[in-house]
Structures are given as structure tokens and as C-alpha cells.
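Below you'll find the structure, written out as C-alpha cells, and then a few comments.
The values are calculated or read from the model by the stated rules, or taken from the named source; none is laboratory data. In this text the structure is predicted, and so the values were computed from the model without any measurement. Neighbour counts run over all protein chains shown; Cβ positions are idealised from the backbone, glycine included.
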């Protein structure tokens, strides 16, 4: 039967990812990638997963931060269950949730959002000042976040696109392919350009190249709108 592997990877000195990896292309991932940024006195998470990853995130923080350190905020990219159901454990651990207004109103979680985003803005979260960028398309209220970690500009995009340049899951209410393209162009125009793109289900270490590829796939009508089996566009030439 299709199955998944749980993993934790250190991406740089202060940046970690915990998630599920498909060992079978037909496997369904119930958890997104949860990104953990560990600072001097506190930590920040991007997305919370579907509810299975909290012990691994906490263990990572204990090992690379300290047992006394808490995750002060979870930056939610959107409200789907594989990104939001884990908020229960994160909030019980002391975190507050940041999300768009739309995500807060369509949150697949027993928790509520604490800080609502109405527009693009730089957030003051103590040690961290991430930039929140409205990037609708995957959902009407999807948000991406830019944050420099270990001298790299990191762009956290949720399920806006896959790391092969294809679309994320297209079955959400309000999914809009044209808005995805406009959001990608918005991200590609930001300065300084991002170094890494950290998506909901994968990491790409050349953000500029991935954004160019995704935009080219769209403009050449090579995107695949999907809701069941995820297409693999890695071999598609643009």
C-alpha cells in the first residue's frame, strides 16, 4: 500500500523542516512541510501540519534550541487541514497563529487565528520581522512569507506551486489559476530576489529559477489542473 516517511532536515544553521515524504507517488500526504526558524531566545514556525508532526517539531526545538524555548508564532499560508489541523498542539505549546482574514474564516482547525492579515505588511514578532505577502490563487486568502535566515532570503509559499513548477492541489473553493500566475509574477518582482523557495511540500534552492519555470509553464499552457493524482511536470520542457 502507498506509504510515507516522516523526516526532519536541517536546511541551514537556524532553519529546519519537518514533514512527510512520499515513498510512493500515489501516497496521500496528510501533513505539509512545517518550517522551523530557531532564534536566540524563541522560534517561529511556518504552517502547522495536519496534527502528526508536533512531537518532531518540539524535539527539533529541544535539540537545536532549548527545552525552555517556545515557538511564539505560526505563520499560516492557508487554512487547509494538512497545514492547519496541527495548530491545536502548537497553540497549546504557547504559539499564536497569524493568518489572512480569509484563512481565519475558512480554517480547517479547532483553533482560531490570533493575528489577521488584511494586506501586505512587515510583521514585528519580537526576534523576527517576516514580510507577509498576499498571494491568492491556491485559495483566495493564501499568504506567502519572506524572511532572511542565515543570510539567505527565504520565500515560504504554501501550496501556491509545487517544486516542479506545477500547480498545487486545485480542488479548493475559490481556486483561481489566473490568480496563481499573478501571485507568482508578484513574488518574482520582489527585491532582493529570494534565494530559496520553501513550498508546502518541498524545498527548492533556486527560487528565481523555480518562479521563472512556473510562470513559463503557465504562459505556455502546460500547467495541469488536478484534484486527485498529482501530475509530475519535472520533465516538461519550457
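Restricting segment 129-138 to residues that are part of a loop (DSSP other than H, G, I, E, B) and either modelled with pLDDT under 95 or more than 13 Å from the chain's Cα centre (by Cα) (or both), which is surrounded by the fewest Cβ atoms within 10 Å (Cβ to Cβ)?
It comes out as 129.
Got a number for residues in segment 145-169 being within 17 Å of residue 78 (Cβ to Cβ) and not in a loop (DSSP other than H, G, I, E, B)?
Residues in segment 145-169 being within 17 Å of residue 78 (Cβ to Cβ) and not in a loop (DSSP other than H, G, I, E, B): 8 in total.
Looking at segment 144-156, which of the residues that are more than 18 Å from residue 42 (Cβ to Cβ) and out of contact with any helix residue (DSSP H, G or I) (no Cβ under 7 Å at 6 or more places or on another chain) is surrounded by the most Cβ atoms within 10 Å (Cβ to Cβ)? Give the steps one after another, and end with the answer.
Within segment 144-156, the subset more than 18 Å from residue 42 (Cβ to Cβ) is 144, 146, 151-153, 155.
Those still in the list that are out of contact with any helix residue (DSSP H, G or I) (no Cβ under 7 Å at 6 or more places or on another chain) too: 146, 151-153.
Details: 146: 19, 151: 8, 152: 16, 153: 17.
Ranking the qualifying residues of segment 144-156, first place goes to 146.
State which residue is nearest to residue 157 (Cα to Cα) when the search covers only segment 209-237 and only residues that are outside any loop (DSSP other than H, G, I, E, B) and out of contact with any helix residue (DSSP H, G or I) (no Cβ under 6 Å at 6 or more places or on another chain).
210
List the helices (runs of 4 or more DSSP H) inside segment 9-122, counting only whole elements, that have at least 2 residues being closer than 23 Å to residue 203 by Cα and at pLDDT 95 or above.
54-64, 81-84, 87-92
Identify, please: which residue in segment 188-208 is outside any loop (DSSP other than H, G, I, E, B) and touching a strand residue (DSSP E or B) at 6+ places or on another chain (Cβ under 7 Å) and is, among those, surrounded by the most Cβ atoms within 10 Å (Cβ to Cβ)?
Filtering first and then ranking leaves 198.
Identify the single condition in (1) in contact (Cβ under 8 Å) with a residue 40 or more places away in the chain; (2) closer than 19 Å to residue 216 by Cα that residue 168 does not satisfy, given that it satisfies every other one.
(1)
Any residue in segment 177-185 that is assigned to a loop (DSSP other than H, G, I, E, B) and out of contact with any strand residue (DSSP E or B) (no Cβ under 8 Å at 6 or more places or on another chain)?
No, every residue in segment 177-185 fails to be assigned to a loop (DSSP other than H, G, I, E, B) and out of contact with any strand residue (DSSP E or B) (no Cβ under 8 Å at 6 or more places or on another chain).
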